[in-house]
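In what follows, a single structure is set out as C-alpha cells and then discussed.
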Amino acid sequence: MAAVHVAVGVVQNALGEILISRRADDAHQGGLWEFPGGKVEAGEDVVTALDRELREELGIRIELASPLLEVHHDYADKSVCLDVWLVSCFSGEATGLEGQPLVWCLPEALHQYDFPAANIPILEACQVLPAD
C-alpha cells in the first residue's frame, strides 16, 4: 500500500512550549494526541501543505519553519510518511477551529499524553529542541 504523505508541524512558542491537539474520536488513531498537520495534496509542496493545514485547523500562519525529520511508519491498516517541520515562528493565535482540544506543553511534559506509534520519533526529537 502507498504511504500517505503527511505534513506535520512541531509548533514551538517563545516559551519553548510545543502545541499538540487531540484527534477526533472517529479519526484514524482517534482520541490520541498529535502534532498538527495533514495530508499533502497532489502537486503541493510540504511547507505550503503545512501552512494550509495550520491555517485551516488552528488559524495560524507559518513565518519560519525548518525540516526536523521524516518518519515512515506502517500501521495494520495504513502506511504514513510524516514530513516533520519545526515551526519556530508563526502569526496568529492558535485555536481549535475544528473543535479539537489544544495544549501547549514543555517538551519534557509530552510523555504525559498518548500519541500514535508513528509519533514516537517526533517525541524523541522534541526532547533535544533548543528553547528560544
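The values are calculated or read from the model by the stated rules, or taken from the named source; none is laboratory data. Since this is a predicted model, take the numbers as computed values, not measurements. In this analysis, Cβ positions are derived from the backbone assuming ideal geometry, glycine residues included, and neighbour counts consider all displayed protein chains. Keep in mind that these areas ignore ligands, DNA and RNA; they rest on the heavy atoms of the full protein, side chains included. Shrake-Rupley method; radii C 1.70, N 1.55, O 1.52, S 1.80 Å.
Note down the magnitude of the dipole of the range 1-71 about its Cα centre, charges +1 on Lys and Arg C-beta and -1 on Asp and Glu C-beta and zero elsewhere, to the nearest 20 debye.
It works out to roughly 100 debye.
So what J values fall out for the range 85-97 if you push phi through Karplus, 6.51 cos²θ - 1.76 cosθ + 1.60 with θ = phi - 60°, rounded to Hz, Gly and Pro as x?
10, 7, 9, 9, 8, 8, 10, x, 10, 5, 9, x, 5
Mind putting a number on the dipole of the range 22-132 about its Cα centre? Charges go on the C-beta only, +1 for Lys and Arg and -1 for Asp and Glu, and I need it in Debye to the nearest 20.
Dipole about the Cα centre, nearest 20: 100 debye.
Ignoring any ligand, DNA or RNA, what whole percent of the accessible area of the chain comes from carbon and sulfur when the probe is 1.4 angstrom?
Ligands and nucleic acids excluded, carbon and sulfur give 52 percent.
State the extension gain, in nm to one decimal, for the chain segment bounded by Asp77 and Glu108, taking 0.36 nm per residue of separation less the distance between their alpha-carbons.
8.1 nm
For the chain, report the accessible area per residue in Å² (1.4 Å probe, heavy atoms, rounded to an integer).
So the chain comes to 51 Å² accessible per residue, rounded to a whole number.
Note down the nm distance, to one decimal, between modelled labels 7 Å out along Cα→Cβ at Ala24 and at Leu64.
Spacing of the two 7 Å Cα→Cβ label points: 3.5 nm.
Using protein chains only and a probe of 1.4 angstrom, how many square angstrom of Asp26 are accessible, to the nearest 10?
140 Å²
For the chain, with a Gaussian network of springs between Cα atoms less than 10 Å apart, report the residue from Ala94, Ala14, Ala65 with the top mean-square fluctuation.
Ala14
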